[in-house]
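Here's the structure, in structure tokens; my notes come after.
The values are calculated or read from the model by the stated rules, or taken from the named source; none is laboratory data. The model shown is predicted, which means the values in this text are computed figures rather than measured ones. Reconstructed Cβ throughout: ideal geometry from the backbone, glycine too, with neighbour counts over all protein chains shown. These accessible areas exclude ligands, DNA and RNA; they are computed on the full protein's heavy atoms, side chains included. Shrake-Rupley method; radii C 1.70, N 1.55, O 1.52, S 1.80 Å.
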Amino acid sequence: MTLEQRQYPIGKWTPKKNYSVKEIERNIGIIEKYPAKYKRLTKKLSDEDLAKSYREGAWNVRQLLTHISDMHIMHYARFKQALSDENPVGFVANINAWNATAEISSTPPTDALLLLEATHKRWALLMKNMSESDFDKTFFHALRQINLTLAQALSMAAWHTKHHFEHIRIALQ
């Protein structure tokens, strides 16, 4: 497996201009189903397993689990922002600094997974109650320097969910 394949095991995310209702439903399904997949993949891991990485210099399994749960709180909050305000600047985070805070090295994977599960549950419920036109609402993604529709943001989040799942799977092989 090449370095790029390890870094982007499902490819890089590229936004489309429009998403069909079926694509939106499929992406909501990813948000709904993946916390259980993460739980199955990471149950009963040892500290040694949690310290494994998918490539040299990359985050380990413990860091990936806390990253995905932390960032998806932010993704969910961006949805709430875009539904509440007109084209707000979406929340941003210095992900490397967030993943270097003191609690990361001792966060039990079960806590990160509980947070991911709860966030995804609320987020999926929110999206299932959104109208088709709600997915056209936008926010400004300050790191990417683009406006994203909520359909695009959902696509990015579904990609992010699968992307880091594959990183963990690779690390544990």
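Remarks
- The stretch 93-121 residues that are among the aliphatic types (A, V, I, L, M), paired with ones that are part of a helix (DSSP H, G or I) and surrounded by fewer than 19 Cβ atoms within 10 Å (Cβ to Cβ) (beta carbon under 8 Å, 6 or more apart): A93/M74; L113/K39; L115/I73
- Some residue of the stretch 12-33 being farther than 30 Å from K137 by Cα and aromatic (F, W, Y): no
- Within the stretch 85-109, the set of residues being within 20 Å of P35 (Cα to Cα) and surrounded by 14 or more Cβ atoms within 10 Å (Cβ to Cβ) comprises N99, I104, T107, P109.
- Any hit, the stretch 91-100, residues being of a type in the set (F, W, Y) and over 15 Å from I24 (Cα atoms): yes
Yes or no, residue by residue, for (1) in contact with a Ser or Thr (Cβ under 7 Å, 6 or more places away or on another chain); (2) in a helix (DSSP H, G or I); (3) farther than 30 Å from Q5 by Cβ; (4) open to solvent by less than 20 Å² (accessible area, probe 1.4 Å):
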| position | (1), (2), (3), (4) |
| --- | --- |
| L115 | yes, yes, no, no |
| H120 | no, yes, no, yes |
| F135 | yes, yes, yes, yes |
| L143 | no, no, no, no |
| A153 | no, yes, no, yes |
| A157 | no, yes, no, yes |
| E166 | no, yes, no, no |
| R169 | no, yes, no, no |
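- Of everything in the stretch 72-84 that is more than 12 Å from the chain's Cα centre (by Cα) and in contact (Cβ under 8 Å) with a residue 24 or more places away in the chain, the residue that is most open to solvent (accessible area, probe 1.4 Å) is K80.
- First in the stretch 32-50 and crowded, with 16+ Cβ neighbours inside 10 Å, second anywhere and among the acidic types (D, E), Cβ under 8 Å, 6 or more apart: P35/E117
- Within the stretch 40-96, being of a type in the set (A, V, I, L, M) and farther than 20 Å from H120 by Cβ holds for L45, L50, A51, A58, V89, V92.
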